[in-house]
1. Against the definition (without any contact (Cβ under 8 Å) to a residue 40 or more places away in the chain, surrounded by fewer than 17 Cβ atoms within 10 Å (Cβ to Cβ) and in contact with a Lys or Arg (Cβ under 9 Å, 6 or more places away or on another chain)), how does Arg76 come out, yes or no?
2. What are the residue pairs meeting all of these: first residue in segment 80-99, first residue at pLDDT below 90, second residue among the β-branched types (Val, Ile, Thr), Cβ atoms under 9 Å, and 6 or more apart or on different chains?
3. Do the conditions hold for Phe120, that is, is it aromatic (Phe, Trp, Tyr), at pLDDT below 85 and open to solvent by 60 Å² or more (accessible area, probe 1.4 Å)?
4. Go through (1) over 18 Å from Tyr156 (Cβ atoms); (2) open to solvent by less than 40 Å² (accessible area, probe 1.4 Å); (3) modelled with pLDDT of 80 or more for Ile70 and report which single condition fails.
5. Looking for something in contact with a helix residue (DSSP H, G or I) (Cβ under 8 Å, 6 or more places away or on another chain) and at pLDDT 85 or above - is there at least one such residue anywhere in segment 45-62?
Amino acid sequence: MNLHDFIFLKGSFTVRRHISFWFIWLIFSATVQLTNIKPGQVIFGDLVFYQVLRSLTRMPSIIIFCYSTIYFFIPRFINTRKYFAFAVYYTSFLCVLYLFNYYVQSPMYGLPGTIVGNSFRNMQLTPFTRKFYSFYSNFNFTGAIPTCCMMMIIKYYKVWYENKIKNEMLNRENKQAELQLLKAQIHP
């Protein structure tokens, strides 16, 4: 199996493709956060463990956000040009997801009991900075919007490519039909 088959074949490849995407996202999300801490501030092994667990706790919100946006809201409202209904339902959806993330998942980010979790909780932040980080982190789910954009790029590239292949096949079939018609006219 080559990369083209993995990307464009349907069936069991679809599940594998999605699992691969989320596994890569988990690794990327966990490693990109490692640059936030100065060397010597915490033990590196604890930091890696903390970032992986933190990424895992964010993953359900990001998955719900991405799949709902790409496979429900866009096809049902944007593609059918129901923009007002989209604005109302999508805003409601984002508010519910924000509240879920803020009240259910945010407390898990501290992960008390680990050296890293305790050091993150003890950081001295101004009230404004704490509110800003809290809002930004919970609204963005730390990576949900870029992840959703990446998934949309991949999905719509696949749709464009499949349509291109279908159009090329139709053009070939039309040329074949025209050629057969011309042959039938020359040799009745």
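1. So Arg76 fits the description; yes.
2. Final answer for the pair search is Leu97/Ile64.
3. no
4. Of everything listed in (1) over 18 Å from Tyr156 (Cβ atoms); (2) open to solvent by less than 40 Å² (accessible area, probe 1.4 Å); (3) modelled with pLDDT of 80 or more, Ile70 misses just condition (1).
5. The answer is yes, given that some residue of segment 45-62 is in contact with a helix residue (DSSP H, G or I) (Cβ under 8 Å, 6 or more places away or on another chain) and at pLDDT 85 or above.
The values are calculated or read from the model by the stated rules, or taken from the named source; none is laboratory data. Here the structure is a predicted model, which is why all the values come from computation and not from measurement. For neighbour counting, all protein chains shown are included, and Cβ atoms are generated from backbone atoms with ideal geometry for every residue, glycine included. These area figures cover heavy atoms from the full protein model, side chains too; ligands, DNA and RNA do not enter into them. Shrake-Rupley method; radii C 1.70, N 1.55, O 1.52, S 1.80 Å.
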